[in-house]
Amino acid sequence: MKISGNTKIVGILGHPIGHTLSPVMQNAAFAALDLDYCYLPFDVPPEQLADAIRGLRALGTHGVNITIPHKETVFPLLDQLTEAAQKIGAVNTVEFTDNALIGHNTDGQGFLRALQEETEMNPKGTRVLILGGGGAARAVAVQLALAGAKEIQIMNRTLERGRALVDHLQQMFPSLQALSIPWVQEVAAWQSALEKIDLLVNTTPVGMEGKEGGSPLPTESIPSGLLVSDLVYHPFLTPLLQGARAKGARTLPGLWMLLHQGALSFEIWTGKRAPLSIMRHSLTETLASL
Ligand code: NAP
């Protein structure tokens, strides 16, 4: 990588940030298109976020991704929000223009693009069960509702948080059937929940490398006609996805959401079409080497 006086700096703000795959994916894309950009990770604790944003603006930074725990707290530090960021209530991409800091959210659209391009599922009229009720669940739920999903159930460990997300969805999408349901344990209860849906999306960290927990649900309860998506991307095939494949169900790994949300951020910053195959290759190679 050649750094010059004209190199445009982009990056990612999070805490912790050591495990991010975004620098390798974005820098590979810039190199492939011969763009004079450099993408850097910045470990920013919550109490330093405002100073970090002010400093990046003063330094003439071109844009940043925002990740845990700053996706919501960055709101008051920005000048404008896109409709998606407002509806989702979180920002994962900031565009620095001459006059304004614009907050975008590419998580939801990244999920939708992954779903459509990797599985060819059209969410219109579908019934969806989302496991988890945090920021990622909100992005996925809002985007699926915008894309015409018929029914969205939220199963969250903390029922009140799931209910709050359902209230948010009902206010924004009055014709959507949105429902909060308690986390279930028994195989029969999982079977009954899964047989009534078309798409299952795990947005909890259960199954992530280095964390205990395996699959969030019993493999034997997965019907073969289901499409199972996991937002966890390390490992590539989580215990949930391995179980789903063993049962003959279709799967959507979280790495493809990471790819497409990153591609959308790249397009916001550069105005150019993202080189998807290069970005995909850099992600899979890096993940395989971890
Ligand atoms: P978050 O806001 O902290 O929410 C986490 C959710 O997971 C909460 O609903 C929490 O339930 C639930 N949860 C945590 N541990 C659990 C457990 N042991 N059993 C059951 N539920 C549990 O985090 P987030 O921003 O939504 O991110 C969630 C996951 O999505 C992370 O693994 C993140 O890496 C991944 N993600 C992936 C992509 C991608 O591009 N592939 C993009 C965004 C996020 P409670 O409410 O009960 O605490």
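Coordinate-derived values only; no laboratory data. Only a predicted model underlies this, so the values are computations on that prediction, with no experimental measurement involved. Cβ sites come from the backbone with ideal geometry, for glycine too, and all protein chains shown count toward neighbours.
Annotation: amide H-H contacts under 5 Å for LEU252 (H modelled 1.01 Å from N, sequence separation of 5 or more, or interchain): VAL228, SER229, ASP230. Put simply, the C-alpha atoms of the stretch 1-111 give a gyration tensor, and the ellipsoid matching it has half-axes of 21, 16, 15 Å, longest first.
The order of the peptides 6-14, 119-127, 274-282 by mean Cβ neighbours within 10 Å, most packed first, is 6-14, 274-282, 119-127. Within the stretch 214-257, whose backbone N sits under 20 Å from a point 7 Å along Cα→Cβ of ALA189? Backbone N within reach: 214-223, 240. Converting the Cα gyration tensor eigenvalues of the stretch 204-261 into ellipsoid dimensions via √(5λ) gives semi-axes, longest first, of 18, 15, 7 Å. The stretch 173-285 has equivalent-ellipsoid semi-axes of 29, 18, 13 Å, by the square roots of 5 times the alpha carbon gyration tensor eigenvalues, sorted largest first. The order of the peptides 261-272, 181-192 by mean Cβ neighbours within 10 Å, most packed first, is 261-272, 181-192. Backbone phi angles across the stretch 185-199, fed through the Karplus curve with coefficients 6.51, -1.76 and 1.60 (θ = phi - 60°), yield HN-Hα couplings of 10, 6, 4, 4, 5, 5, 4, 5, 6, 7, 6, 9, 10, 9, 9 Hz in residue order; Gly and Pro are listed as x.
Each Cα pair of the stretch 133-194 feeds into the Kirkwood radius, which the Stokes-Einstein equation turns, at 37 °C and 0.692 mPa s, into a diffusion coefficient of 275 µm²/s. Kirkwood analysis of the stretch 95-215, using all unique Cα-Cα pairs, places the hydrodynamic radius at 15.4 Å. Restricting the calculation to alpha carbons of the chain gives Rg and Dmax of 19.0, 63 angstrom.
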